[in-house]
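Data first, discussion second: the structure below is written as structure tokens.
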Amino acid sequence: MNARFRTILEEGVLPPLVALAIAMVAGDLLILMYGQAPGAVWRMLLEGTWGNAYGFGQVLYKATTLTCTGLAVAVSLRAGLFSIGAEGQLAAGGFAAAVAGLAIPAGTPEFFAVPVCVLAACLAGGAVGAVPGVLRAKFGAHEVIVTIMLNFIVLALLNYIVSTKLHVPETLHTPELHAGFVSRLSGTFAVFHGSAANWTLVIVGAAAAALWWFLFRTRAGYELRAVGLQPDAAENAGVKVGAAWRNAMMLSGALAGLGGINFVLGYKGYYEDGFAGGAGFLGIAVALVGRNHPLGVILAALFFATLSQGGLAINAMVPKQLVEALQGIVIVAVATSVPEVRRIVRQAAGKMAGGRA
């Protein structure tokens, strides 16, 4: 068996498939406990998501944000760091995009206003991400603790600014943007009428493709991955480990901040306190299930978005908390199946090699 093909099977393909199978079996058991037929519930879930235009649009909308937070976590993990700060970075990006949209004069062409708002979102998220990166590089501060604390600080600070300085009376959101809106898909495809899906997904898709190119086709990306695998060896080879950590956390924050435009520019048209709704933390699961690969992250984001939207569709038959349980099962299954899958694949490869001999 080709070594590269075996690695892809061990690390990228089989673990998520095994996790999905385990989750399906566990889901069947939970559904039976509620006295429902598993086939009917799964059918209702699919019909409420991929089976109709509105549900599919909602899946795309939720997957767009989850792709950004998943990519953010994936970048930090590639560098050997574990960022839990995507929630605050996502909020910071959304707020910066809203402020930029308010500052740009009304009537400004979209081809100018949208890039300015996108840049503002990335810069704000990157600035928040830079803090734990610098602290880790300079003082050895653990990024998990720093990013957790930064979530509380950023969210509290934004809540204060919005509630006291920049809000519509009797609400917790900013005024509507003057410029910088991203058109909804329903404006082009009438079947998506009513859903929140918008053309932000194209921007995020381009960002995922750019990240893949950076990680696997550039020297800086190779150095980042080398630091994640073995920082001491990378340093001995001439890589500046501290700079790689700092840059990885800045890039991670920028990707998370990019997700803020999905809500602010593409959906509501303003920043609202609490809009992230846990998407930053769910990005950790997306990155783990996606095996820290941009394509895997996109697929995992679609999967978790389907579960999220599907939970609303099946709520008449089983509690939507069933979906939350399935998400946890998938995460645990991926984490535990990787070494077992690796062992089985290597045994199979050894038998094949022995047979050829």
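The values are calculated or read from the model by the stated rules, or taken from the named source; none is laboratory data. All values reported here derive from a predicted model rather than from experimental measurement. Don't worry about glycine lacking a Cβ; one is built from the backbone with ideal geometry, like all the others, and counts go over all protein chains shown.
Taking segment 305-333 as the range and being of a type outside the set (S, T, N, Q) and more than 16 Å from residue 47 (Cα to Cα) as the test, the residues that pass are 319, 322, 324, 325, 326, 328, 329, 330, 331, 332, 333.
Conditions (1) buried (at least 24 other Cβ atoms within 10 Å of the Cβ); (2) within 25 Å of residue 226 (Cα to Cα); (3) within 13 Å of the chain's Cα centre (by Cα), marked per residue:
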{"position": "36", "(1), (2), (3)": "no, no, no"}
{"position": "43", "(1), (2), (3)": "no, no, no"}
{"position": "65", "(1), (2), (3)": "yes, no, yes"}
{"position": "70", "(1), (2), (3)": "yes, yes, yes"}
{"position": "85", "(1), (2), (3)": "yes, yes, yes"}
{"position": "96", "(1), (2), (3)": "yes, no, no"}
{"position": "99", "(1), (2), (3)": "no, no, no"}
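Within segment 115-169, the set of residues being at pLDDT below 95, closer than 24 Å to residue 266 by Cβ and either of a type in the set (D, E, K, R) or surrounded by 20 or more Cβ atoms within 10 Å (Cβ to Cβ) (or both) comprises just one member, 162.
To keep it simple, each residue is scored yes or no on (1) outside any loop (DSSP other than H, G, I, E, B); (2) in contact (Cβ under 8 Å) with a residue 12 or more places away in the chain; (3) among the basic types (Lys, Arg); (4) in contact with a Ser or Thr (Cβ under 7 Å, 6 or more places away or on another chain).
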residue: 28; (1), (2), (3), (4): yes, no, no, no
residue: 39; (1), (2), (3), (4): yes, no, no, no
residue: 46; (1), (2), (3), (4): yes, yes, no, no
residue: 51; (1), (2), (3), (4): no, no, no, no
residue: 72; (1), (2), (3), (4): yes, yes, no, yes
residue: 75; (1), (2), (3), (4): yes, yes, no, yes
residue: 90; (1), (2), (3), (4): yes, yes, no, yes
residue: 94; (1), (2), (3), (4): yes, yes, no, no
residue: 100; (1), (2), (3), (4): yes, yes, no, no
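Could you count how many residues in segment 314-333 are hydrophobic (A, V, I, L, M, F, W, C) and assigned to a helix (DSSP H, G or I)?
So in segment 314-333, the residues hydrophobic (A, V, I, L, M, F, W, C) come out as 314, 316-318, 322-323, 325-326, 329-333.
When the remaining residues are screened for being assigned to a helix (DSSP H, G or I), the result is 322-323, 325-326, 329-333.
Residues in segment 314-333 being hydrophobic (A, V, I, L, M, F, W, C) and assigned to a helix (DSSP H, G or I): 9 in total.
For segment 119-174, a residue qualifies if it is more than 21 Å from residue 65 (Cβ to Cβ) and of a type in the set (S, T, N, Q), and the qualifying residues are 163, 164, 171.
Name every residue in segment 103-144 that is not hydrophobic (A, V, I, L, M, F, W, C) and not in a loop (DSSP other than H, G, I, E, B), in order of residue number. Give the steps one after another, and end with the answer.
So in segment 103-144, the residues not hydrophobic (A, V, I, L, M, F, W, C) come out as 105, 107-110, 115, 125-126, 129, 132-133, 136, 138, 140, 142-143.
Selection gives 110, 115, 125, 126, 129, 132, 133, 136, 138, 143.
Of all residues in segment 244-265, which are surrounded by fewer than 24 Cβ atoms within 10 Å (Cβ to Cβ) and over 17 Å from the mean Cα position of the chain (by Cα)?
246, 247
Being under 30 Å from residue 54 (Cα atoms) and polar (S, T, N, Q) holds for only one residue in 163, 186, and it is 186. Total residues in segment 275-313 satisfying the condition of being surrounded by fewer than 24 Cβ atoms within 10 Å (Cβ to Cβ), part of a loop (DSSP other than H, G, I, E, B) and in contact with a helix residue (DSSP H, G or I) (Cβ under 8 Å, 6 or more places away or on another chain): the figure is 5. Mind checking whether some residue in segment 25-33 is over 15 Å from residue 303 (Cα atoms), among the charged types (D, E, K, R) and either at pLDDT below 95 or under 12 Å from the mean Cα position of the chain (by Cα) (or both)? Yes; the residues of segment 25-33 include at least one that is over 15 Å from residue 303 (Cα atoms), among the charged types (D, E, K, R) and either at pLDDT below 95 or under 12 Å from the mean Cα position of the chain (by Cα) (or both).
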